[in-house]
Amino acid sequence: MSDATFRDGNVADATEPPRSSWPLYEVFLRSKRGLNHVHVGSLHAADAQMALHHARDLYTRRNEGVSIWVVKAADITASSPEEKDPFFAPSGDKVYRHPTFYEIPDSVPHI
Amino acid sequence: MPDAYRKTMIRQIAQHAHSEIIGMQPEGNWVTRAPSLRRKAILLAKVQDEAGHGLYLYSAAETLGADREDLTARLISGAQKYSSIFNYPTLTFADVGVIGWLVDGAAICNQVPLCRSSYGPYARAMIRICKEESFHQRQGYELLMTMMRGTPAQREMVQDATNRWWWPSLMMFGPPDAESPNTAQSMRWRIKRHTNDELRQRFVDMTVPQAAALGVTLPDPLLRWNDERGNYDFGEVDWAEFKRVVAGNGPCNAQRIEHRRAAHEGGAWVREAAAVHAAKRAARKEAAA
């Protein structure tokens, strides 16, 4: 993982241990509406339990979530934005994976 | 990412984060003296929001490689700035209302375009912040409406607070365009979407009818509608005062920084104790495994 990780990946720099005394945690929230956990930001805490409490205070002051995940930023492995094109190339030329690739006459119902 | 972009972005986000953190102090001044439990609960929630906004923004700055402790150190040493508006004192409870109405109103004007900033983590933090700022402005305006329905002395307090905060609020948009050398670069980078003067004009146009509805006079004899321009004309901001306050010589600069320093240093033992506690718990867990 390089410097580039936090540029496009937008996850804070996880390569070197933070100079701050408390490690950095990334916070993920699941809202009430049945969506997946979504990344909302990060915070510092002495340990995971404290990170959960801080995340509750910081990111759910208005009932934004019913479930919180906290993950040490240093434990996240991210794809590199520099190699974005080759990394995602395998799916780039497979238009036949999409339903719109197939021509079906308008007269055929429910398809 | 060009180095200059990263540097500028860190500076901008840090300055914004510092402003939220220092911004807790002027209103925090009234938490224990709020006139009712309702107003106290509202004010506490608002001050907590400011802390939250500061933390969202520090977290955005960290995605650029900035270090949290370093940012705090730079705020305390004066190496990084915060908005000069927070260097003015809150003399009466009407100031709490006027800060919500004018200061948060100006902040919203500044911040809404930043929700489309070219730097994603900053833009996303701004979206959260703008949603919450709307509560801040409305509670302030409602507080003032309540006072305006009160005694002549209360109405006088609202007018006095308006007189004191109007010009500093206009200063929040920064120096005039002609004296803002970085604006062109920032607009090219899409980290700024409108010039200082454009945003200032927008704020004046929005605020004049609000002042009329409230029944207060904005302290500017030159303020009048210009039919040709389709905007309000207004007087010249005292830029000498602005420079004085930015340079550190406002009424409360020293007090604000001293308070932040004392809070940070006074909390050092808590941070250390929590780190030791966490290490002990981790060791116990490992020993049990």
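List of remarks:
- The orientation-averaged projection of the convex hull spanning the C-alpha atoms of region B:175-228 amounts to 5.2 square nanometres.
- Distant-in-sequence amide H partners of B:ASN231 (H built 1.01 Å from N, under 5 Å): B:ASN226
- Orientation-averaged projection of chain B equals 18.4 nm² [convex hull of Cα atoms, one quarter of hull surface area].
- Distance from the alpha carbon centroid of region B:169-183 to that of region B:248-289 works out to 36 angstrom.
- Chains A and B, summed buried accessible surface - 1.4 Å probe, Å², nearest 100: 2100 Å²
- Here the accessible area is traced with a 1.4 Å probe on the protein chains. For region B:131-227, carbon and sulfur cover 56 percent of it.
- Along principal axes, Cα extents of the protein assembly as shown, largest first, whole Å: 70, 68, 44
- Apportionment of accessible area to carbon and sulfur, region A:44-83, percent (1.4 Å): 49 percent
- Summary of packing: across the peptides B:184-194, B:90-100, the per-residue average of other C-beta atoms within 10 Å ranks them, highest first, as B:90-100, B:184-194.
- Site pair A:VAL108 and B:GLU272 shows an inter-label distance of 7.5 nm when each label is modelled 7 Å from Cα along Cα→Cβ.
- Estimated FRET transfer efficiency (B:ARG284, A:ALA74; beta-carbon r; R0 30 Å; 0.05): 0.85
- Region B:2-42 and region B:68-133 have Cα centres lying 5 Å from one another.
- With each label modelled as a point 7 angstrom along the Cα→C-beta vector, the B:ALA247-B:SER134 pair spans 4.2 nm.
- Each Cα pair under 8 Å and six or more residues apart adds its sequence gap; the mean of these over the residue count of chain B is a relative contact order of 19 percent.
- For region B:66-181, the solvent-accessible area with a 1.4 angstrom probe is 37 square angstrom per residue.
- Long hydrophobic helices in chain B: the complete DSSP H runs spanning 15 Å or more by Cα along their own axis with mean Kyte-Doolittle hydropathy of at least -1.0 are B:3-22, B:37-62, B:120-148, B:152-171, B:196-214, B:268-288.
The values are calculated or read from the model by the stated rules, or taken from the named source; none is laboratory data. Please read all numbers here as calculations on a predicted model, not as lab measurements. Backbone-built Cβ (ideal geometry, glycine too); neighbour counts: all protein chains shown. Areas reflect the complete protein model, heavy atoms only, side chains present, ligands, DNA and RNA absent. Shrake-Rupley method; radii C 1.70, N 1.55, O 1.52, S 1.80 Å.
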